[in-house]
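Only one structure is covered here, and it is reproduced in the block below.
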Amino acid sequence: MSNRMWGGRFSEGPDEIMEEINASIDFDKKLYMQDIAGSMAHILMLEAKEIVGSEDAQKILHGLDTILREIEAGKFQFSRGLEDIHMNVEARLAELIGPAAGRLHTARSRNDQVATDFRLWVRDTVDVIDGQIAELMLALTEKAQEHFNQVMPGYTHLQTAQPITLGHHLLAYVEMLARDRGRFGDARKRLNQCPLGAAALAGTSFPIDRYMTAKALGFDKPMSNSLDAVSDRDFALETLSAAAITATHLSRLAEEIIIWCSSEFNFIKLSDKFTTGSSIMPQKRNPDAAELVRAKTGRINGALVSLLTVMKGLPLAYSKDMQEDKEQVFDAMETLSLSLAAMAGMIRDMEPENRYMRRSANAGYSTATDLADWLVREVGMPFREAHHVTGRAVAAAAEKKVSLDKMTLEDLQAIDSRFTDDIFNFLSAANSVKSKTSYGGTSPQNVRMAAKEWLALLNRKATKFSQEDLEDD
């Protein structure tokens with residue numbers, strides 16, 4: 001039996017294997033809202049341009065509204081034999097209103113239809129993700145404000161480097177996430193052009209108004225080249241690129257949470273809400289939520305590589321390869337949404353162990369640079385010489401098995417006679433962080449000011465979204 005949606009060219013139905021590989025309804029039914037919105041905008045334009053009569057146009061609009069309510073109520077029967085969301089909706093429309101349904105596809109193709117639907121879904125999802133990133137930024141900033149002067153060790157090579165504040169550390173991720181929001185915002189601006197009306201690839205001879213449909217769907221304008229409109233998915237690639245970078249930032253933060261929760265560090269505690277136990281070791285409290293955020297980055301990165309590979313060898317215009325563009329985008333964006341929600345929950349849940357942070361901040365000769373800076377500033381010593389003198393001081397402290405601030409003045413003067421009592425104002429971790437007042441530095445006053453500025457911005461602009469916004473009904 002021929003597929004009546006394809007017309008008379010095919011006299012036989014598809015082979016069972018062909019149907020299996022060809023059908024996309026299992027995943028592209030997620031586009032139902034966007035598909036119906038695009039069809040409504042299209043028929044209103046056809047009616048306005050007198051390409052379709054008002055009576056048929058109103059029947060189509062009523063039928064599409066009925067289908068939307070059926071899908072949302074879970075009463076719509078999706079058919080794999082009809083391949084995709086577009087043909088499922090059109091077939092149901094024909095059942096509801098009869099032959100008038102056939103007028104809906106005037107002056108369009110599934111090629112421009114799916115490109116429009118997909119852009120609408122990506123745009124809607126970017127808006128959700130933007131709100132979730134803002135929520136995570138807010139959680140980090142509030143925690144930073146609360147712990148603006150909590151001393152902790154800063155690391156390079158995961159070796160103790162210099163003392164910093166916990167607030168400063170958390171605000172570093174706020175800055176990263178702000179750039180992530182910027183990347184998603186840039187992607188949204190570029191994707192916000194409408195393919196509808198490009199038809200299969202060459203445009204159409206009907207006197208359509210593409211500006212009307214673009215405006216109705218919230219696009220800035222129609223895409224200006226019909227070939228480009230149906231054949232590129234760079235908007236999805238750019239969005240996945242932003243998602244992969246964001247996921248990488250989340251993974252780095254997750255890794256730190258995992259390390260900080262370990263008994264070797266003991267910098268923070270997470271409650272039962274974001275940890276699990278062991279089936280055999282009763283003492284265990286595993287930071288599984290953070291570990292899963294770290295792991296899910298691989299899925300998001302993989303989606304980007306997958307779609308790049310799909311697109312890399314396609315001649316213009318549309319090829320069926322592009323049916324493989326959606327599953328990885330759907331999965332990546334929903335995975336990122338879940339990861340953002342989990343991370344925001346962990347940040348709000350975590351409780352710093354101030355005593356352990358402070359002890360670690362004072363260990364490992366973390367104020368050695370402060371000693372060298374003092375020699376440069378107070379004695380006028382060239383930094384390279386000060387670096388050498390400081391190295392000798394660290395060696396002497398190590399031999400005595402004490403920290404630098406526990407060295408006596410006589411010990412230090414035995415290394416260089418120009419040391420004075422004033423040096424001890426700079427050798428504790430707390431005093432070290434207080435001295436870092438340069439712009440962007442870790443001093444508590446800097447951190448408090450930065451947190452205040454971020455809170456003012458985020459409370460003015462942030463919008464809350466839930467994970468359910470991205471889920472199937």
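Restricting attention to the stretch 247-265, does a residue exist that is in contact with a Lys or Arg (Cβ under 8 Å, 6 or more places away or on another chain) and open to solvent by 60 Å² or more (accessible area, probe 1.4 Å)?
Yes.
Can you pull out the residues in the stretch 104-114 that are surrounded by 24 or more Cβ atoms within 10 Å (Cβ to Cβ) and either in contact with a Gly (Cβ under 6 Å, 6 or more places away or on another chain) or not polar (S, T, N, Q) (or both)?
LEU104, ARG108, ASP112, VAL114
Quick one: which of PHE424, PHE465 is in a loop (DSSP other than H, G, I, E, B), of a type in the set (Phe, Trp, Tyr) and either under 20 Å from ALA134 (Cβ atoms) or at pLDDT 85 or above (or both)?
Sole residue among the options that is in a loop (DSSP other than H, G, I, E, B), of a type in the set (Phe, Trp, Tyr) and either under 20 Å from ALA134 (Cβ atoms) or at pLDDT 85 or above (or both): PHE465.
Right, THR239: over 30 Å from ARG108 (Cβ atoms), hydroxyl-bearing (Ser, Thr, Tyr), open to solvent by less than 10 Å² (accessible area, probe 1.4 Å) and in contact (Cβ under 8 Å) with a residue 24 or more places away in the chain or not?
Working: over 30 Å from ARG108 (Cβ atoms): no; hydroxyl-bearing (Ser, Thr, Tyr): yes; open to solvent by less than 10 Å² (accessible area, probe 1.4 Å): yes; in contact (Cβ under 8 Å) with a residue 24 or more places away in the chain: yes.
Criteria not met by THR239.
Would you pick out the residues in the stretch 432-462 that are in a helix (DSSP H, G or I) and either in the same structural domain as ARG181 (by the TED database) or open to solvent by 80 Å² or more (accessible area, probe 1.4 Å) (or both)?
The answer is LYS434, GLN445, ARG448, MET449, LYS452, GLU453, ASN459, ARG460, LYS461.
Could you check, for the stretch 159-167, whether at least one of its residues is among the polar types (S, T, N, Q), in contact (Cβ under 8 Å) with a residue 24 or more places away in the chain and open to solvent by less than 30 Å² (accessible area, probe 1.4 Å)?
From the stretch 159-167, those among the polar types (S, T, N, Q) are 159-160, 162, 165; that's our starting set.
With in contact (Cβ under 8 Å) with a residue 24 or more places away in the chain added as a condition, the list becomes 159-160, 162, 165.
Next, from what is left, pick out any that are open to solvent by less than 30 Å² (accessible area, probe 1.4 Å): 165.
Yes, the stretch 159-167 contains a residue that is among the polar types (S, T, N, Q), in contact (Cβ under 8 Å) with a residue 24 or more places away in the chain and open to solvent by less than 30 Å² (accessible area, probe 1.4 Å).
Looking only at the stretch 187-222, how many residues end up being surrounded by fewer than 20 Cβ atoms within 10 Å (Cβ to Cβ) and part of a loop (DSSP other than H, G, I, E, B)?
Summing the residues that are surrounded by fewer than 20 Cβ atoms within 10 Å (Cβ to Cβ) and part of a loop (DSSP other than H, G, I, E, B) in the stretch 187-222 gives 12.
Considering only residues that are part of a helix (DSSP H, G or I) and surrounded by fewer than 20 Cβ atoms within 10 Å (Cβ to Cβ), which ones fall in the stretch 72-86? Walk me through how you get there before you give the answer.
Of all residues in the stretch 72-86, those part of a helix (DSSP H, G or I) come to 72, 80-82, 85-86.
Hits for the stretch 72-86 are GLU72, ARG80, GLY81, LEU82.
So which of ASP117, ASP130 is open to solvent by 10 Å² or more (accessible area, probe 1.4 Å), part of a helix (DSSP H, G or I) and not small (Gly, Ala, Ser)?
Sole residue among the options that is open to solvent by 10 Å² or more (accessible area, probe 1.4 Å), part of a helix (DSSP H, G or I) and not small (Gly, Ala, Ser): ASP130.
The values are calculated or read from the model by the stated rules, or taken from the named source; none is laboratory data. Please read all numbers here as calculations on a predicted model, not as lab measurements. Cβ: placed from backbone, ideal geometry, glycine included. Neighbour counts: every protein chain shown. Note: areas computed on protein heavy atoms with side chains; ligands, DNA, RNA excluded. Shrake-Rupley method; radii C 1.70, N 1.55, O 1.52, S 1.80 Å.
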